[in-house]
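Let me begin by presenting the structure, written as structure tokens, before commenting on it.
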Amino acid sequence: MADPSSYRPKPGQIPESPGVYKFRDEHGRVIYVGKAKSLRPRLSSYFQDLANLHPRTRTMVTTAASVEWTVVSTEVEALQLEYSWIKEFDPRFNVKYRDDKSYPSLAVTLNEEFPRVQVMRGPKKKGVRYFGPYGHAWAIRETVDLMLRVFPVRTCSAGVFKRSAQIGRPCLLGYIGKCSAPCVGRVTAEEHRRLAEEFCDFMAGRTGAYLRRLEQQMQEAAEEMEYEKAARLRDDIGALKRAMEKNAVVLADATDADLIAIAEDELEAAVQIFHVRGGRVRGQRGWVTDKVEAVDTAGLVEHALQQLYGEEKGDAVPKEVLVPALPELAEPVAQWLSDRRGSRVDLRIPQRGDKKDLMATVARNAQQALALHKTKRASDLTTRSRALEEIAEALELDSAPLRIECFDISHLQGEDVVASMVVFEDGLARKSEYRRFQIKSFAGQDDVRAMHEVVGRRFRRYLQEKTDTGEWGPAPDGETAQAGHLEEAQDGLPEAPAGPIDESGKPKRFAYPPQLVVVDGGRPQVAAAKRALDELGIDDVAVCGLAKRLEEVWLPDDEDPVVLPRSSEGLYLLQRVRDEAHRFAITYQRGKRAKSMKAGPLDTVPGLGESRRQALLKHFGSLKRLRAATVEQICEVPGVGRKTAETVAAALATAAPAAPAVNTATGEIIEDEATSVASSATRGTDR
């Protein structure tokens, strides 16, 4: 525990200008980011008597080891910089809203030649028009099904669209009138785009004029005795009205607004947002957060606004944002929202009428979301804290292990041996810091030796990076951080800061140590991990192993295991950590095995990339023809020089030709030309 007076800035050193500040811990990791319209009084408030500070603030300043700040010109710039730094550094003491699901939206891909209506999740893409988000995907599909009768826009995938164009026959929706079938030329690209734009206009709330136009067309058709056309228009009007009824009018003045409500207790807060467009509720979403910093309702509102609109521009930011409490810097926040929209945005508290009543409804939803979240065991802050305390007590640790790293080995009968490292902080998985390793120092099946190698490599990197920062002496035995073969984790997640910063200001990967290392296994694996740490002179990191058979916890120097009760939250957390490490390792191992099974002779040619491999196969048509080609003929392929051609020819000459493919039903040998190109194309697709 650090003494805040040890890093307190000197009197007069802190400016009185607006700015953003960062607290770092002893490893250089950013643990808190804040902003202030005047830095001097704000930062000085952190260095008063610890007894006067909020408990969470006291924990933060005693965890920190330094503070730094950046001066900006305006409070709006401070807000923007604070949001950027929170997103970049993911500080542990800042409020971070998390959600257990990705909300679906109704999307119209106006960036395509033939726009498509579909359900979309995840980050927004440029050129796509979004409506929502919605609570359930089925709600979107029901609305789209009704509207396709009037706006027959394409909803099929690219593959179905291409196939229909090739065979000259539309899909079922084209036959029943719910698609205008641009794939077979029933409408032109311009006519189809006009339909898509009308669909967007109707979804955006401009419904009255369109319905009146349809009703007028229906009357004209009836007067001209075109009764079939009039009946069809009547049914279209009914379908649109049913679609509108799914979103009842809640604000009579066709307001475009977002309503944000917050329910909170001492430890957590839930945020609910209703998106109202054209007076109707078009979408709903929510988040939950741990109150890891001393923050009131106004502060939670400000954090919610940053997360909600930090990546949005234009019409995605509504004209009006209604909140339960105004942020401390209300004017700069409103200006920031206006800048993102490109026109004025009103940020205010509803005082009376329909808007206040709707805000009460949103608040009830927030209360229900918080109550539901409390029942989720893995996300409950109190439960996680109890689990960490139970682990510390069972393993006789000095303090709760806030950072746990778990290692697992995976292989298939001694082939493709790999290892995984997963990280849990404060009881939650931190996937951006997962790592995976290839075992190459030996061949065969030896989990104990592999565990010793992986733990040694991880902490050798730790010592090397501490040496680079000058906190340690030279690395043990002259070894460097380059020892071993390490691959970054790719788990479908963006990279996030994972440790102390280097000279460029970017976080390092391995210099942030865990308080506890967990290995998947029993006494042999635990002893191997402990031996690796002892060889590096590391004695401040605890080690334990979790054996699968009886879920026993093994310690390095104990003859008997520690048996935690089956109902123990600590055991439950260790099991989740172990199972996650196993999942991550086996996923990597299966991927490597699948890749090696699909590898062909060209994959082993040094310096030959995917593009030139495909060019060679396309030029010659098959590996058989390529193998028979001369060096001069190979040089005729664009982008292939003589040296590369000689390397390719030599590699194919030494590689054994693949056995011919056989049709198992007829016994017929399939032509090599067809199978070679097909298999190569498959490999190119899977890469």
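The values are calculated or read from the model by the stated rules, or taken from the named source; none is laboratory data. Given the structure is predicted, the values throughout are model-derived calculations rather than measurements. With ideal geometry, Cβ positions are generated from the backbone for all residues, glycine too; neighbour counts draw on all protein chains shown. Surface areas here come from the heavy atoms of the whole protein model, side chains and all, with no ligands, DNA or RNA. Shrake-Rupley method; radii C 1.70, N 1.55, O 1.52, S 1.80 Å.
Taken together, the residues in the stretch 442-452 that are touching a helix residue (DSSP H, G or I) at 6+ places or on another chain (Cβ under 8 Å) and crowded, with 19+ Cβ neighbours inside 10 Å amount to 3.
Does the stretch 624-636 contain any residue that is in contact with a Pro (Cβ under 8 Å, 6 or more places away or on another chain), modelled with pLDDT under 80 and farther than 30 Å from Val417 by Cβ? There is at least one residue in the stretch 624-636 that is in contact with a Pro (Cβ under 8 Å, 6 or more places away or on another chain), modelled with pLDDT under 80 and farther than 30 Å from Val417 by Cβ. Any chance the stretch 88-95 includes a residue that's in contact with a strand residue (DSSP E or B) (Cβ under 7 Å, 6 or more places away or on another chain), open to solvent by 50 Å² or more (accessible area, probe 1.4 Å), within 30 Å of Arg141 (Cβ to Cβ) and at pLDDT below 85? No, the stretch 88-95 contains no residue that is in contact with a strand residue (DSSP E or B) (Cβ under 7 Å, 6 or more places away or on another chain), open to solvent by 50 Å² or more (accessible area, probe 1.4 Å), within 30 Å of Arg141 (Cβ to Cβ) and at pLDDT below 85. If you go through the stretch 529-570 and keep only what is out of contact with any strand residue (DSSP E or B) (no Cβ under 8 Å at 6 or more places or on another chain), of a type in the set (A, V, I, L, M) and assigned to a helix (DSSP H, G or I), you end up with just Ala532.
Among the residues of the stretch 271-290, what is the count of those that are modelled with pLDDT under 80, more than 20 Å from Asp201 (Cβ to Cβ), open to solvent by 20 Å² or more (accessible area, probe 1.4 Å) and among the charged types (D, E, K, R)? Going through the stretch 271-290 one residue at a time, the tally reaches 0.
Suppose the filter is modelled with pLDDT under 90 and within 30 Å of the chain's Cα centre (by Cα); does Thr74 pass it? No: the conditions fail for Thr74.
The residues of the stretch 285-327 that are of a type in the set (Gly, Ala, Ser), outside any loop (DSSP other than H, G, I, E, B) and in contact (Cβ under 8 Å) with a residue 40 or more places away in the chain, listed by number, are Gly286, Gly299, Ala304, Ala316. Which count do you get for residues in the stretch 224-270 that are under 28 Å from the mean Cα position of the chain (by Cα), of a type outside the set (D, E, K, R) and modelled with pLDDT of 80 or more? The number of residues fulfilling the criteria is 8. I need every pair where a residue in the stretch 377-399 that is open to solvent by 50 Å² or more (accessible area, probe 1.4 Å) has its Cβ under 6 Å from the Cβ of a residue that is assigned to a helix (DSSP H, G or I) and at pLDDT 85 or above, sequence separation at least 6 or different chains. Partner pairs satisfying both residue conditions: Arg386/Glu569; Glu390/Glu569; Glu390/Gly570.
The residue list Glu312, Glu293 contains one member that is open to solvent by 10 Å² or more (accessible area, probe 1.4 Å), over 22 Å from the mean Cα position of the chain (by Cα) and of a type outside the set (A, V, I, L, M), which is Glu293. Could you list, in sequence order, all residues of the stretch 603-629 that are within 34 Å of the chain's Cα centre (by Cα) and open to solvent by 80 Å² or more (accessible area, probe 1.4 Å)? Thr604, Ser611, listed by residue number.
Among what's in the stretch 26-67 and is open to solvent by less than 10 Å² (accessible area, probe 1.4 Å) and outside any helix (DSSP H, G or I), pick the residue that is farthest from Ala78 (Cα to Cα). Ranking the qualifying residues of the stretch 26-67, first place goes to Ala64.
Candidates are the residues of the stretch 406-441 that are assigned to a strand (DSSP E or B) and basic (Lys, Arg); the one that is most open to solvent (accessible area, probe 1.4 Å) is Arg436.
The residues of the stretch 147-193 that are at pLDDT below 90, open to solvent by 60 Å² or more (accessible area, probe 1.4 Å) and within 23 Å of Leu240 (Cα to Cα), listed by number, are Arg149, Leu172, Tyr175, Ile176. Only residues that are at pLDDT 85 or above and of a type outside the set (D, E, K, R): list them for the stretch 565-586, please. If the condition is that a residue be at pLDDT 85 or above and of a type outside the set (D, E, K, R), then Gly570, Leu571, Tyr572, Leu573, Leu574, Gln575, Val577, Ala581, His582, Phe584, Ala585, Ile586 are the ones that fit.
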